[in-house]
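Everything below concerns the one structure shown next.
The values are calculated or read from the model by the stated rules, or taken from the named source; none is laboratory data. If you're wondering where the values come from, they're calculated on a predicted model, not measured in any experiment. Note: ideal-geometry Cβ built from the backbone for every residue, glycine included; neighbour counts use all protein chains shown.
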Amino acid sequence: MTSNRVDVQATVHVDNLKLEPSNIEVRKTIAFVAQEESLERTATPRESIKFSAKLRLPKTFTNDQLDELCIRMLEELGLTHCADTVIGGGLLKGISGGEKKRTSVGVELVVKPSLVYLDEPTSGLDSFSAIQLCQVLKKVANAGASVLFTIHQPSSEIFNSFDHLILMNRGRVMYQGSVTDVSSYFEDRGYPIPANFSTADWIMNVSQSNKVDKLESKGFFDSPEQISSKSEEEDVESSIQEIAAADISTDCALEGSHVSILTETAMLYEREIKALYRDTGGTIARFAVTAFLATLLGTIFFGVGRSNLEDRNNLFSSFGALVVVGIVGMMGSAQSELMAFPMTRPVFLREYSTNHYSVLSYFVARFSIEATMTAIQNLVLVSLFLIVFGAVSFF
């Protein structure tokens, strides 16, 4: 019997320094923007960016400073016109896909990370939105951060704005270096770029229309020995380790400046309450379905509650009605959370992994709000059922 399990082992190095990606001290200086946006759909871009800044920046930042930082970020990302529009998702209408992508970038850039990784940030965007986003990333890079992202088939304007290019083919590095040297690199290996032809389109065409063996014979791929020879000297690595150690020590010193668990819980409470009254369709549907089921069950068992329970049939009917309404109440309460879980899970994983809040804060806020809604929902169910069932009468 064969197994399809693949065991992958690798190490992560930054400037020749081996790092552990799961270490929270390392992740504080690294921002990652996934290809699929994981944002709270009932929040606005302004609220999402400020939420990230409030929970991730030192608590010494005042609300005025956070507001100023949020406004500046919205302006840089071109989100001012939709800053107070809900992000949306599913059946909730909101901002466009490009605006969601830029909001995801702003949520991560607000803490000024040293390294910014993006997984296909221009995917699904029109040419103008893609250029606008890359211009923002260029400003971030010019400000001192390292910006790295994967991209497929970039336009000429975006391609020429790159400082450094790594062309991957079947998991191997086909070219690595400056964008300005791409033309001469391919020409020296027998693939000159035709006139009036996009460089990005040409190198993609060459890499996909030729077999790896042929490209390797032309000298496109570096051997492991050549890659190893490009590493830094031991003295440089030692100095980098000292700098990294100093950075981590600084992060540890700032650990106590993170907002308290009470602040985390309060902000999560505020977001959950806003989600309830902004997603009015979902809230109304939740109680409408409950009222309908209560009326339906009460109609099925109409008048049984006033019948003589000394009769075995009436007793069994009453017991069956109570069992059914109990099951409906339990499943009805769980159904809303089961439907919301696929949408809330990516948001929680992203925010927890980037040290927004603790599991305890999220659990307390989420559980208490959901418990309150469940109690009201079951109160409606039981009240309507008992009235129609006949156990309770106002007449």
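Any idea how many residues of region 264-299 are surrounded by 14 or more Cβ atoms within 10 Å (Cβ to Cβ) and β-branched (Val, Ile, Thr)?
Counting residues in region 264-299 that are surrounded by 14 or more Cβ atoms within 10 Å (Cβ to Cβ) and β-branched (Val, Ile, Thr) gives 5.
Checking the conditions here, which among Ser249, Ser333 is of a type in the set (S, T, N, Q), at pLDDT below 85 and surrounded by 13 or more Cβ atoms within 10 Å (Cβ to Cβ)?
Residue meeting the stated conditions: Ser333.
Each row is one residue, and each column tells you yes or no for (1) at pLDDT 85 or above; (2) aromatic (Phe, Trp, Tyr); (3) not assigned by TED's automatic domain parsing to the domain that holds Ile158.
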position: Ser183; (1), (2), (3): yes, no, yes
position: Ile193; (1), (2), (3): yes, no, yes
position: Trp202; (1), (2), (3): yes, yes, yes
position: Lys211; (1), (2), (3): yes, no, yes
position: Pro224; (1), (2), (3): no, no, yes
position: Val236; (1), (2), (3): no, no, no
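Somewhere in region 97-115, is a residue outside the structural domain of Ser353 (by TED's automatic domain parsing), surrounded by fewer than 19 Cβ atoms within 10 Å (Cβ to Cβ) and without any contact (Cβ under 8 Å) to a residue 12 or more places away in the chain?
Checking region 97-115: not a single residue is outside the structural domain of Ser353 (by TED's automatic domain parsing), surrounded by fewer than 19 Cβ atoms within 10 Å (Cβ to Cβ) and without any contact (Cβ under 8 Å) to a residue 12 or more places away in the chain.
Pick from region 343-376 the residues that are touching a Ser or Thr at 6+ places or on another chain (Cβ under 6 Å) and more than 16 Å from Glu40 (Cα to Cα): which of them is modelled with the lowest pLDDT? Reasoning before the result, please.
Filtering region 343-376 for residues touching a Ser or Thr at 6+ places or on another chain (Cβ under 6 Å) gives 346-347, 350, 361, 364-365, 374.
Filter once more, keeping what is more than 16 Å from Glu40 (Cα to Cα): 361, 364, 374.
Details: Ser361: 92, Val364: 92, Thr374: 87.
The selected residue is Thr374.
Being surrounded by 12 or more Cβ atoms within 10 Å (Cβ to Cβ), in contact with a His (Cβ under 8 Å, 6 or more places away or on another chain) and free of Cβ contacts under 8 Å to residues at least 60 places away in the same chain narrows it down to one of Val206, Val179, Val147, so name that one. Steps first, answer last, please.
Values: Val206 fails: in contact with a His (Cβ under 8 Å, 6 or more places away or on another chain); Val147 fails: in contact with a His (Cβ under 8 Å, 6 or more places away or on another chain).
Answer to the selection: Val179.
Under 6 Å between Cβ atoms, at least 6 apart or on separate chains: pull out the pairs that start in region 154-173 with a residue that is free of Cβ contacts under 8 Å to residues at least 24 places away in the same chain and end on any residue that is surrounded by 12 or more Cβ atoms within 10 Å (Cβ to Cβ) and outside any loop (DSSP other than H, G, I, E, B).
Phe162/Val179; Leu165/Val179; Ile166/Gln176
In region 353-386, which residues are free of Cβ contacts under 8 Å to residues at least 60 places away in the same chain and either in a loop (DSSP other than H, G, I, E, B) or within 15 Å of Val259 (Cα to Cα) (or both)?
Val359
Give the residues of region 162-194 that are assigned to a loop (DSSP other than H, G, I, E, B) and not β-branched (Val, Ile, Thr), sorted by residue number.
Phe162, Asp163, His164, Arg170, Gly171, Ser178, Arg189, Gly190, Tyr191, Pro192, Pro194
Of all residues in region 119-161, count the ones that are among the small types (Gly, Ala, Ser) and assigned to a helix (DSSP H, G or I).
The qualifying residues number 5.
Would you mind finding the one in Leu79, Leu57, Leu39, Leu74 that is within 19 Å of the chain's Cα centre (by Cα) and more than 21 Å from Arg278 (Cβ to Cβ)? It would help to see each step written out before you state the result.
Details: Leu79 fails: more than 21 Å from Arg278 (Cβ to Cβ); Leu39 fails: more than 21 Å from Arg278 (Cβ to Cβ); Leu74 fails: more than 21 Å from Arg278 (Cβ to Cβ).
None of the others qualify; the one that does is Leu57.
Against the definition (under 30 Å from Lys112 (Cβ atoms), outside any loop (DSSP other than H, G, I, E, B) and touching a Leu at 6+ places or on another chain (Cβ under 9 Å)), how does Val325 come out, yes or no? Let's see the steps before the verdict.
Numbers: under 30 Å from Lys112 (Cβ atoms): no; outside any loop (DSSP other than H, G, I, E, B): yes; touching a Leu at 6+ places or on another chain (Cβ under 9 Å): yes.
Spelling it out, it is not the case that Val325 is under 30 Å from Lys112 (Cβ atoms), outside any loop (DSSP other than H, G, I, E, B) and touching a Leu at 6+ places or on another chain (Cβ under 9 Å).
Listed here are the residues, each with its yes/no results for (1) surrounded by fewer than 13 Cβ atoms within 10 Å (Cβ to Cβ); (2) at pLDDT 85 or above.
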site: Leu137; (1), (2): no, yes
site: His152; (1), (2): yes, no
site: Arg170; (1), (2): yes, no
site: Gly190; (1), (2): yes, yes
